[in-house]
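I have placed the structure first, in the form of structure tokens, so that the comments after it can refer back to it.
The values are calculated or read from the model by the stated rules, or taken from the named source; none is laboratory data. Keep in mind that what you see is a predicted model, and the values were worked out from it rather than measured. Glycine also receives a Cβ, built like all others from the backbone with ideal geometry; neighbour counts cover every protein chain displayed. Accessible surface areas use protein heavy atoms only, side chains included; no ligands, DNA or RNA. Shrake-Rupley method; radii C 1.70, N 1.55, O 1.52, S 1.80 Å.
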Amino acid sequence: MKKILILASNPRKDLNLDEEIRQLKEVINNSRNGEYFELVDELEVRVSDLQELMFKHRPQIVHFCGHGGGTQGLVFNSDEGQEQLVGTEALSELFSLFASKCNIECVLLNACYSEKQARKIRAHIKYVIGMNQEIRDDAAIAFSIGFYRALGYACGIEDAYKFGCNAIQLEISGSSPRSMVAEPQRKLEVIDTFKNTAIPEHLKPVLILNPSLS
């Protein structure tokens with residue numbers, strides 16, 4: 001049995017993560033091989049919780065849903081209930097320490113601008129998925145549903161990634177971006193030429209593979 005650990009953090013209270021997790025559980029449970037997966041969700045995750053949750057659950061798939069801050073890292077809750085960024089190096093070291101202890105196969109960072117963290121984590125985990133731009137909330141959810149549905153029907157990670165991207169093409173409708181930056185600030189922010197070039201939503205998830213890891 002493979003354990004999926006969902007780490008959800010939304011200190012801004014602007015994402016419907018409860019509904020997102022409910023849909024993921026439903027997709028897994030309704031799939032042909034759903035009994036081979038155990039999905040555990042942890043809400044309002046604080047930075048101080050991360051090591052404890054990894055030791056406690058020892059997952060094979062780690063899924064983060066929430067906000068990304070690009071080069072600054074991923075957004076978690078602080079002990080005071082505020083936003084606290086965890087930087088790329090710290091996240092990479094976390095997965096370096098737990099990669100063999102948990103036999104982690106895949107990390108999915110379902111947050112805007114999380115490609116930088118995904119590429120760093122790849123040194124320790126064979127499959128890592130991040131987002132190379134700001135992704136709409138409905139697209140992020142559609143990707144997760146397509147990804148886990150495929151896993152539940154015995155697809156491998158690479159095929160599940162393709163089904164996730166196709167689910168975005170099939171299902172998305174108008175919604176809000178999954179970004180940590182307020183709208184007025186986003187309009188003024190220049191990240192780089194590539195990230196200011198709009199691309200289709202289904203091309204924003206990026207699968208990063210480390211073929212040297214078994």
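Values as computed for the structure displayed
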| read-out | value |
| --- | --- |
| Positive-end residue of P200, S9, I121, charge dipole of the chain with Cβ unit charges | I121 |
| Max mean-square fluctuation residue, GNM over the chain, Cα-Cα springs under 10 Å, options G81, G34, G73 | G81 |
| Debye equation applied to the C-alpha atoms of the chain, log10 I(q)/I(0) at 0.09 Å⁻¹ | -0.31 |
| Region 56-178: Cα Rg divided by the 2.2 N^0.38 Å rule of thumb | 1.05 |
| Distance between modelled label sites at R58 and E83, nm, 7 Å Cα→Cβ extension | 3.7 |
| Simple Cβ-charge dipole of region 84-146, Lys/Arg +1 and Asp/Glu -1, about Cα centre, in debye nearest 20 | 240 |
| 222 nm mean residue ellipticity, helices alone, for the chain (DSSP H n ≥ 4; -39,500 (n - 2.57); rounded to 500) | -11500 deg cm²/dmol |
| Most positive-pole-ward Cα, A160, S214, I172, against dipole of the chain from beta carbon charges | S214 |
| Within the chain: Cβ-based charge dipole about Cα centre, in debye rounded to nearest 20 (Lys, Arg +1; Asp, Glu -1) | 600 |
| Share antiparallel - DSSP beta bridges, the chain, percent rounded to 5 | 35 |
| Exceeding the 18 Å Cα-Cα cut-off - candidates K25/K56; K116/K204; K13/K116 | K25/K56; K13/K116 |
| Accessible area expressed per residue, the chain, with surrounding protein chains retained (probe 1.4 Å, Å²) | 47 |
| Net charge, L207 excluded, C-beta distance under 12 Å - Lys, Arg +1, Asp, Glu -1 | +2 |
| Sulfur and carbon atoms: percent of accessible area, region 18-91 [1.4 Å] | 42 |
| Tensor-based shape of region 29-112 (alpha-carbon gyration tensor, a/c under 1.5 rounded, otherwise prolate or oblate) | prolate |
| DSSP bridge orientation in region 1-109 - percent antiparallel, rounded to nearest 5 | 25 |
| Charge-dipole axis of the chain as Lys and Arg at +1 and Asp and Glu at -1 on Cβ define it, positive-most pick from L85, F147, G68 | F147 |
| Rg [Å, one decimal], Dmax [Å, integer] - region 7-67, C-alpha atoms | 12.5, 37 |
